[in-house]
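Before any comments, here is the structure.
What follows draws every value from the coordinates through simple rules; no lab data is involved. Being a predicted model, the structure only gives us computed values, none of them experimental. Note: ideal-geometry Cβ built from the backbone for every residue, glycine included; neighbour counts use all protein chains shown.
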Amino acid sequence: MASNLPSNSLSPDDSSDSGLDSIRATRLQKVEDLKQAGLQPYAYRWEVTHSAAQLQAKFADLATGAEADFEVSVAGRIMARRVFGKLAFFTLQDQTGTIQLYLEKKTIQAAMGEADEQAFNHLKQLTDAGDILGARGTIKRTDKGELSVKVKHYAMLTKSLLPLPDKFHGLTDVAKRYRQRYVDLIVNPEVRDTFRKRAKITAAIRRHLDQLGYLEVETPVLQSEPGGAEARPFVTYHNTLDMELYLRIATELHLKRMVVGGFEKVFELGRVFRNEGISTRHNPEFTTIEMYQAYGDYEDMMSLTETMIEQIVVEVTGSKGVTYQGEEISFARPWQRITMHDAVREKTGIDFVQIKDLAKAKQAAKEAGINEVEACESIGHVLNEAFEQKVETTLVQPTFITDYPVEISPLSKPHRSKPGLVERFELFIVGRETANGFSELTDPVDQRERLELQAAKKEAGNLEAHSVDEDFLTALEYGMPPTVGMGIGIDRLVMVLTDAASIRDAIAFPLLKSEKTEPEKADQ
């Protein structure tokens, strides 16, 4: 059905405060008019028998002009209105899609006359686009081929006071879309689809891990000592306990405590918080899943990761590939695996394995156009800078980068055959880190030494380094079996599978600056 603009919708030219105030005042008067007519502008319930999608499927073969003597009851938001003398057409939207309401004065007055002799006039005069309406009637396909509910009874369920954006311009201000996500969801079907897919992704992950015998657990969000990653935490304060606390930056250290306690396969899917910058790839509050498996190593976890994600892609998209920002991404196994040293050598020509002197490593990096290496404390840090600057963004297809320097991996087990490295991998997709895993360090003495190095960095002013977590070290001293762990950034995975350019498009309510501060850029 070709519908006109929603009644009292905002166009780009009348979205000022005065325009909104005028529309709101008009609609408030309609609320009073409904009450004066003995009608309830904010109903308590409505019995729904079918969704829009169910009706579209059930009556897909109903011929043009035909009617079905089949009673239905629907409810949803009015997205558009076309009102004529004794006939009106409304487009009603519920969570599954849209259905047309065929509103004929004769039919409605015959059915509702005793209860509301002005029923059709109220429908014309007191409803607007944005209102939530309930309707009962039979099914009809109009002469123009539009499947419709031929309404006998209707009820105002919620009177909307503010107008929807018009259907031609929509809600196009990006910052406003994030700030008023509820409006974004109403008017942009593709946004609703993103969050449906997000729910399918997390449900599929849980099903996959449940089938493998993993137990989902919950660990503290408020922690006395943050750990599990190098990141600046959010700080808060508990009044009763009279102590400073931190929002968790990772779930890692508590999940490892569960492994010490005898749970051999555990995971947690939840929010973590890092007091860091905001960009198209970073939000201070984001969702991860971390999983830990006793008696396995990082090779086992890489295999689990590619199997699980491939299966999720198939469940959510119906194939093993997606298109992301115009690029075809294949999740078909096996995925490429390459060491960090080899990846850097391929892109820069530098073989850091052969360089034993830090000054020479820095010089080679500078000659290859790698910046900001003067502050690097070790060859491993120089290698990591080379990787981040020259390799990371080129990893478009799913790729495991393996065998990281020990200096940047304080919780990873030393590599069994490569001195100075650890058994760690990161998964990169479309040039972004999406997962991080490693054979876990189980030696409490080695772990203490590495955490003490972190503590020294913190004392020296590194805001992302952390103190020694004595309770975690005590847990390790009771003995943790050989263990592998891995974390996946859920938001970044959702970005790829929904073709979202910014992480804010994958998070329902991303953190934004206050409207009282300086104007906010959509993506920094």
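Annotations for the structure displayed:
- As a proxy for reagent exposure, 46, 335 were ordered by neighbouring Cβ count within 10 angstrom, fewest first; the result is 46, 335.
- Treating r as the C-beta distance of residue 47 and residue 511 and R0 as 35 Å, the FRET efficiency rounds to 0.35.
- Computed about the Cα centre, the dipole magnitude for the stretch 17-169 is approximately 160 debye when only Lys and Arg (+1) and Asp and Glu (-1) carry charge, each at its Cβ.
- Cα→Cβ-extended label distance, 7 Å offset, between residue 190 and residue 315, nm: 2.6
- Among 223, 359, 478 - extreme Cα towards positive end, dipole of the chain, charges at beta-carbon: 223
- Peptides 489-500, 28-39 ranked from most to least packed, by the mean per-residue count of other Cβ atoms within 10 Å: 489-500, 28-39.
- Within the stretch 295-414, percent of DSSP bridges classed antiparallel, to nearest 5: 50
- Look at the dipole of the chain built from charges on Cβ: of 500, 54, 209, the Cα furthest out on the positive end belongs to 54.
- Per the Cα gyration tensor, the chain maps to an equivalent ellipsoid with semi-axes of 56, 24, 23 Å, ordered largest to smallest.
- The gain in end-to-end length when the residue 372 to residue 460 segment is fully stretched comes to 29.7 nm, 0.36 nm per residue minus the alpha carbon separation.
- Extension gain, residue 142 back to residue 342 (0.36 nm per residue minus Cα-Cα distance, nm): 65.4 nm
- The rule of thumb for compact globular proteins, 2.2 N^0.38 Å, goes into the C-alpha radius of gyration of the stretch 17-169 1.03 times.
- Residue (of 451, 154, 318) at the positive-pole extreme of the chain, dipole from beta-carbon charges: 154
- Stretching residue 28 away from residue 68 to a fully extended chain increases their span by 10.6 nm, per 0.36 nm per residue minus the current alpha-carbon distance.
- Under a model in which nothing but the beta-carbon of Lys, Arg (+1) and Asp, Glu (-1) is charged, the stretch 361-457 shows a dipole of about 160 debye around its Cα centre.
- A simple charge model with +1 on the Cβ of Lys and Arg, -1 on the Cβ of Asp and Glu and nothing else charged puts the dipole of the chain at about 2220 debye relative to its Cα centre.
- Sum of side-chain charges, residue 50 neighbourhood, beta-carbon under 12 Å (Lys, Arg +1; Asp, Glu -1): -1
- Helix-only CD estimate at 222 nm, as mean residue ellipticity for the chain, using -39500 (n - 2.57) per DSSP H run (n ≥ 4): -10000 deg cm²/dmol
- Looking at the chain, the DSSP beta bridges with both ends there are about 90 percent antiparallel.
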